[in-house]
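Read through the structure below, which is laid out as structure tokens, and then see the notes.
The values are calculated or read from the model by the stated rules, or taken from the named source; none is laboratory data. Because the structure is predicted, anything quoted here is derived from the model rather than measured. All Cβ positions, glycine included, derive from the backbone under ideal geometry; neighbour counts span all protein chains shown.
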Amino acid sequence: MSKTLKDKSALLIISGGIAAYKSLELIRLIKKSGGHIRCILTKGGEQFVTPLSVAALSEETVYTDLWSLKDETEMGHIRLSREADLIIVAPASANIIAQIVHGNAEDLATTTLLAADKPILIAPAMNHMMWNNPATQDNITALQARGIETIGPTEGDMACGEHGMGRMSEPEDIFAAINAFFFEKPLEGYKALVTSGPTLEPLDPVRFISNRSSGKQGHAIASALHKFGADVTLISGPVALPDPAGVNTIHVETAAEMLKACESALPANIAVCAAAVSDWAPTQNADHKIKKRGDETPPAIALKENPDILKTLASHKQRPQLVIGFAAETENLTENAAAKLARKNCDWLLANLVGQDDKKIFGEDQNHVYLITSSDTQDWRPMSKQAVATKLAEEITNHLEQPKVQDAAE
Ligand code: C5P
């Protein structure tokens, strides 16, 4: 798949936020890939990066002022959007997001956005309380409903010293999203099913067995496959993530429900089982809350084994062409993963070593995985879960040949 942005033109709007420094790296990545980029710097953006650094990196005039006679005669706000293939707002502050929603046109950036006839990709960046504020959440929902694409934010330490959701996506991830936008949709016509998140196995109406899976990796894979043009069904256990835009998301709780939903989503060309399916479920799901027993011994929890969804799909009569699983190992990564690959009859495994320093993969934004096939082991460097997802979508694209879902169904 070609990866050059030659002949592609982007308009980058840099609004006010400490993450603006990351946009300099984004400009560098776009230029390095042969793309053309013009930038608008808002008044807020100018507080964090200078027009000079933006101009030097983009090798273009930087536009800052709606009322500048020179700017408007040389390159008016209408032409700025007409001559771009894609408009990116990074960082997108809570303020500019609200202004786009309301159709404000009070400076060059918002006027250009209001007059835009091009697809828009925004990379929100703000304090976690601002991000979680219902006003911002409603604004994001409104923008997505209008077809504006969003990337991030991610969770982590913030410049203000607090921790939470609101960090702008890394420049490489925004760059990957730009690439995905420009490429023809290489997985168009392919059907993919992705499992994500934990399963929840009830003991009684109020108690359950589950695990700490956040669903971040599985959701990122569903998004990446959708961006590559696949028709994606995401079957997710309970997570605190929004449904990925453009993806048909089915919410389930138990492993049994997840398996049923997966089988209903067949035929498919690609199955990626990223869910952390509970290995066991209580044999009994009590109709009423199990009561304390005073002095009696606490009740024992009898468990039964859950169905192995990955293995079932990999041996199904409607087996997807490419079945991919995950393996978290504490030792002998490649040997154990290779054995698992054979045992589960799947084609590829994304394996990671957990234990000691890597203990906190669940819920983290970073992942270090190895792609294991029957003939090869690739060490993918530590990267964000979104970057893992994009790389996986690329590997899938390179691997898949002609047959589409109609053929698979025959
Ligand atoms: O056997 P183990 O749990 O290590 O295998 C992990 C892989 O198998 C993951 O891809 C996970 O989604 C899948 N799996 C499954 N159903 C289960 C257990 C694991 O699909 N019951």
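Some notes on this structure:
- In the set (1) in contact (Cβ under 8 Å) with a residue 12 or more places away in the chain; (2) over 25 Å from the mean Cα position of the chain (by Cα); (3) in a loop (DSSP other than H, G, I, E, B), the condition left unmet by Ala268 is number (2).
- Selected residue (criterion: nearest to the ligand (Cβ to nearest atom)) from residues of region 227-258 that are in a helix (DSSP H, G or I) and modelled with pLDDT of 95 or more: Ala255
- For Thr42, the requirement of being within 30 Å of the chain's Cα centre (by Cα) and outside the structural domain of Met168 (by TED's automatic domain parsing) is not met.
- The set of residues from region 186-211 being out of contact with any Phe, Trp or Tyr (no Cβ under 6 Å at 6 or more places or on another chain), farther than 21 Å from Lys291 by Cα and away from the ligand (no atom under 11 Å from the Cβ) comprises Glu188, Gly189, Tyr190, Lys191, Ala192, Leu193.
- The set of residues in region 229-243 being closer than 22 Å to Gln366 by Cα and surrounded by 24 or more Cβ atoms within 10 Å (Cβ to Cβ) consists of Leu234, Ser236, Gly237.
- Filtered by the rule that a residue be of a type outside the set (Asp, Glu), modelled with pLDDT of 95 or more and surrounded by fewer than 13 Cβ atoms within 10 Å (Cβ to Cβ), region 289-308 gives Ala302, Lys304.
- Members of region 25-50 found to be touching a strand residue (DSSP E or B) at 6+ places or on another chain (Cβ under 9 Å), under 22 Å from Ala159 (Cα atoms) and of a type outside the set (Gly, Ala, Ser), listed by number: Leu26, Ile27, Leu41, Thr42, Glu46, Phe48, Val49, Thr50
- Out of Ala261, Ala224, one residue alone is under 26 Å from Thr390 (Cα atoms), in a helix (DSSP H, G or I) and more than 14 Å from the ligand (Cβ to nearest atom). It is Ala224.
- For region 270-319, filtered to residues that are more than 9 Å from the ligand (Cβ to nearest atom) and touching a helix residue (DSSP H, G or I) at 6+ places or on another chain (Cβ under 8 Å), the residue that is nearest to Asn345 (Cα to Cα) is Ala314.
- Within region 23-40, the set of residues being among the hydroxyl-bearing types (Ser, Thr, Tyr) and at pLDDT below 95 comprises Ser33 only.
- Only one of the listed residues (Gly44, Gly76, Gly34, Gly103) is free of Cβ contacts under 8 Å to residues at least 60 places away in the same chain, farther than 23 Å from Phe182 by Cβ and surrounded by fewer than 15 Cβ atoms within 10 Å (Cβ to Cβ). That residue is Gly103.
- Among the candidates Ala245, Ala159, Ala240, residue that is touching a residue at least 60 places away in the same chain (Cβ under 8 Å) and within 16 Å of the chain's Cα centre (by Cα): Ala245
- Test for Gly237: is it over 16 Å from His219 (Cα atoms), out of contact with any Lys or Arg (no Cβ under 6 Å at 6 or more places or on another chain) and not polar (S, T, N, Q): no
- Qualifying residue in region 194-212 (condition: outside any loop (DSSP other than H, G, I, E, B), under 13 Å from Ile396 (Cβ atoms) and not charged (D, E, K, R)): yes
- Listed by position, the strands (runs of 3 or more DSSP E) inside region 322-387 whose residues that are within 13 Å of the ligand (Cβ to nearest atom) and modelled with pLDDT of 95 or more number at least 3 are 322-329, 348-353.
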